[in-house]
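Derivation of every value follows stated rules applied to the coordinates shown; laboratory data play no part. On a predicted model such as this, the values are computed, not experimentally measured, just so you know. Methodologically, a virtual Cβ is constructed for each residue, glycine included, from the backbone with ideal geometry; neighbour enumeration extends over all protein chains shown.
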Amino acid sequence: MGVKTLIEMPEILRSIIIRNLRGFEQLELKNLGKLNLIVGRNGTGKSTVLEAITLAASASTNFYDSLGNDLLEWLIKRRGKPYVASLNHIIRIGRDQAEILVRSDRKSVFSVSLATRHAAERIISQYVEKDKEKYERYIGILNNMDKEVTRVVRRIIRRRQGFVWRVYEVEEEISTVLYVLANGMPMARLSVLEEDYPHVVRYTPGSTANSSVLVFDEILGFSMEFYASVHDALLKSGRIEKIREVLGKRGITDIRLDRGGVLHVMIEDKYLPINVVGDGTRLLVTELALILLKPSILIAEEPEIHLHPGYIDLFVKAMVEMLREGTDSQAFISTHSLDLIDSVIKFVRGSGLEDEFKVVRMLTLREVEILDYEETLRELNEIKVDLRGV
């Protein structure tokens, strides 16, 4: 079976099943909306839910976001140990593969699977079990890859190994794509795989892809290069004036790049490099810029960090406007903030998004409640008790 066209974003993700990812054995989220607020006490799996959604949403673009960030590398580094980052660190202990299964509003079904080498060999054997010679040759190629990866790792003091494959189901037809992580390896080593196994393609770190997924997480770096790319994207999309207008209401009267490619903001008639302004101002500029780029899926972990309540309102208002304007836009936000909860409820009320607003209330690693707008209002005090941690 050849490789089918992947499910293309934007599509609204309506349900997700997470198996053997970090602390989850199996968790299912149903009836997701356009605006999904993920709440719960520490250790209930909020971050893992966001990571699973990130992988599922970016799978069709080789795990890259629309600013060129390698989200698979980000996830592995985020959960790995210093100098040793592999898929083993994000797969549940005692398991050799994790899976994220997603259904969209267009009835599309697709999954992303992460596997150790042992599981990868097992899945490969299922495809070629009738042809032992091909299987042995394939495993031989994998062994050669291991040697090359080891050489590269020693040189750059970084390890990244594992396998990723994805299963897509469209109109009851299923196609599987096996991704072999090829960290700096000569691509010629993989050419025979593409000839013998049409379902096998390469995952190549550093490749580019058109993506409409954006992730807000400081671990991605927020370097000068990051801000320059955000500024360029705003210019190309024609939204640079919009962010100047919005920020101007909070005393940030301009935003521009200098000749050296450093982003500056104007505060009290003075241009300041973005890296020297306060954390709240810097993060507000970042969050508003990502929203105004109008991604199909916005993923943000605790965006309220460092923000004054007035800045939180500005962020939430912009996000709600984005979701109202974008038919296929969707947001997944985790929070511990009472102010953010109140702000979201305030701006969703009367926006037309009431039916598309959901609170994903993480109770334990096995239990979750999905609340709609009216249910959220009824249980708001109990939700806030969880957020306070008492």
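Tabulated data for the structure shown
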item: Potential extension, ASP328-SER237 segment - 0.36 nm per residue separation minus Cα distance; result: 31.0 nm
item: Distance in nm between pseudo-label sites at GLU354 and GLU225 (7 Å out along the Cβ direction from Cα); result: 4.8
item: Residue-wise HN-Hα coupling along segment 256-265, computed from phi with Karplus coefficients 6.51, -1.76, 1.60 (Hz; x: Gly, Pro); result: 7, 8, 8, 5, x, x, 9, 6, 10, 10
item: Per-selection Kirkwood Rh - segment 213-388 (Cα, Å, 1 d.p.); result: 17.2
item: HN-Hα J in Hz across segment 276-292 - Karplus 6.51, -1.76, 1.60, θ = phi - 60°, x for Gly and Pro; result: 10, 7, x, 4, x, 5, 4, 6, 5, 4, 4, 5, 5, 4, 5, 5, 5
item: Burial order of peptide ranges 253-262, 342-351 (average beta-carbon count within 10 Å, highest first); result: 342-351, 253-262
item: LEU363/VAL109 FRET efficiency (R0 41 Å; Cβ-Cβ; nearest 0.05); result: 0.95
item: Theoretical gain in end-to-end length, GLU375 to LEU272 [0.36 nm per residue, Cα-Cα removed]; result: 32.6 nm
